[in-house]
Amino acid sequence: MSRRLTLIWALLVAATLLSFETMGLGDARIGGALILLLAFAKVLLVGREFMELRHAPLMLLWLFQGWVAVTGAALACLLIF
Amino acid sequence: MNEEAIHPPRRAARGHVPGEEGVWVFIGGDLVAFAIFFMTYAVARRQEPALFDRAQALLDRGLGLLNTLLLLTSSLLVAQALAAVRRDDRRARPLLLGAMALGTGFVIVKACEYSAKIAQGFTLNSNDFSIFYYMFTGIHLVHVLIGLGVLAFAVSRFDNRGALRGGIGVIEGGGAFWHLVDLLWIILFALLYLV
C-alpha cells in the first residue's frame, strides 16, 4: 500500500469533517467561504494525487488547475460576495 | 515506499497521460458542463437566498457526509489498486472490488435519501432548489452507475490469480473517471448541503 495515497485520503477526510463543522460558525459568509475553500482544496488534491495529474504533461495539469481556480473563484464571488 | 514502483515512469521529457487520451477529452467536457451547472445554481441562489436556505435545511446532511466519505474511500482504493498493479501486487483486484462495494453503498444511501425526501413531500417540483437538487444529484448518480460499470470492466481484466491481462491503460483511464465522480460529488456536497 502507498503511504502517500493513504495520507492524502486522511487529509481529504479531515477537510471533509472540518467543512461539516464549519457550518456551526456564526458568520454565514465566513463559513461559506471556508467550506468552498476546503472543497476546492480537496478537488485539487484528488486531481493532482489520485488522478495523477501531477505527473501529467504541464498543459493537462494547468488546464485542470485553471478549472479549479476559475470555478472556485466564480462560485465564491456569486455565493459569498 | 518505492516511489518508482508506485508512480508512472517519465515517458517523455515531462508527463504521462493516465489511460487513453479520449478519456481526458470526456473528463474535460464533463468538468466544463458541471462548471456551468454550478454557476447556474449560484446565480439562482442569489435571486432567492431565503428559499434556498429553507429548502437546503430540509436535506439530511449526515447522509451527504456519509456519501462523501464512501466516495473518498472508494477513490483511495482505486488509487491503491493502480499502485498495486504497477508493483505487480496481486491485491489490485480485491481493492477494485472494495471500491465497487463502497460505490454501491453510495447508490444505496442516495436511494434511501431520495425515498425519504419524496415521502416528506420534497419532490422535483417542490421549489427551485429541489429542481437543482434532483437534477444535479441525478446526473451525478448516472455518473456513479457508469463508473461502477467501468470498474467492473477493469476487474474483468484480471485472471483468477489476480494478474492483469493486457495493458494498464484500462485501470488508469477507469480510475481517472472514478476519481472524477468523487471530485464532482465533493463540490455538489459543499454547494447543495453546506454553503
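The values are calculated or read from the model by the stated rules, or taken from the named source; none is laboratory data. Note that this is a predicted model, so its numbers are computed, not measured. Cβ coordinates were reconstructed from backbone atoms using ideal geometry, including for glycine residues, and neighbour counts include every protein chain displayed.
Quick rundown of the values:
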item	result
B:Val78 being closer than 30 Å to A:Leu58 by Cβ and either within 10 Å of chain A (Cβ to nearest Cβ) or not aromatic (Phe, Trp, Tyr) (or both)	yes
Test set (1) touching a residue at least 40 places away in the same chain (Cβ under 8 Å); (2) more than 14 Å from chain A (Cβ to nearest Cβ); (3) under 22 Å from B:Ala42 (Cβ atoms) - B:Ala116 fails condition number	(3)
Any hit, the stretch A:57-64, residues being exposed (fewer than 15 other Cβ atoms within 10 Å of the Cβ), touching a Leu at 6+ places or on another chain (Cβ under 8 Å) and within 25 Å of B:Thr73 (Cβ to Cβ)	no
Among residues of the stretch B:19-30, those that are modelled with pLDDT of 90 or more and surrounded by 17 or more Cβ atoms within 10 Å (Cβ to Cβ), counted	4
Filter result for B:Val43 (within 24 Å of A:Ser19 (Cβ to Cβ), buried (at least 21 other Cβ atoms within 10 Å of the Cβ), modelled with pLDDT of 95 or more and within 13 Å of chain A (Cβ to nearest Cβ))	no
First in the stretch A:56-81 and touching a residue at least 40 places away in the same chain (Cβ under 8 Å) and at the interface with another protein chain (Cβ under 8 Å from one of its Cβ atoms), second anywhere and among the acidic types (Asp, Glu) and surrounded by fewer than 17 Cβ atoms within 10 Å (Cβ to Cβ), Cβ under 7 Å, 6 or more apart	none
Checklist (1) surrounded by fewer than 19 Cβ atoms within 10 Å (Cβ to Cβ); (2) aliphatic (A, V, I, L, M); (3) in contact with a helix residue (DSSP H, G or I) (Cβ under 6 Å, 6 or more places away or on another chain) applied to B:Val142, failing item	(3)
Single residue of the stretch B:167-195 satisfying the filter (without any contact (Cβ under 8 Å) to a residue 40 or more places away in the chain and surrounded by 24 or more Cβ atoms within 10 Å (Cβ to Cβ)) that is nearest to the chain's Cα centre (by Cα)	B:Leu183
Residues satisfying the stated conditions in the stretch A:1-40, i.e. within 10 Å of chain B (Cβ to nearest Cβ) and of a type in the set (Gly, Ala, Ser)	A:Ser2, A:Ala10, A:Ala15, A:Ser19, A:Ala28, A:Gly31, A:Gly32, A:Ala33, A:Ala39
Flag for A:Gly32 being out of contact with any Cys (no Cβ under 7 Å at 6 or more places or on another chain), free of Cβ contacts under 8 Å to residues at least 60 places away in the same chain, surrounded by 14 or more Cβ atoms within 10 Å (Cβ to Cβ) and over 15 Å from B:Leu72 (Cβ atoms)	yes
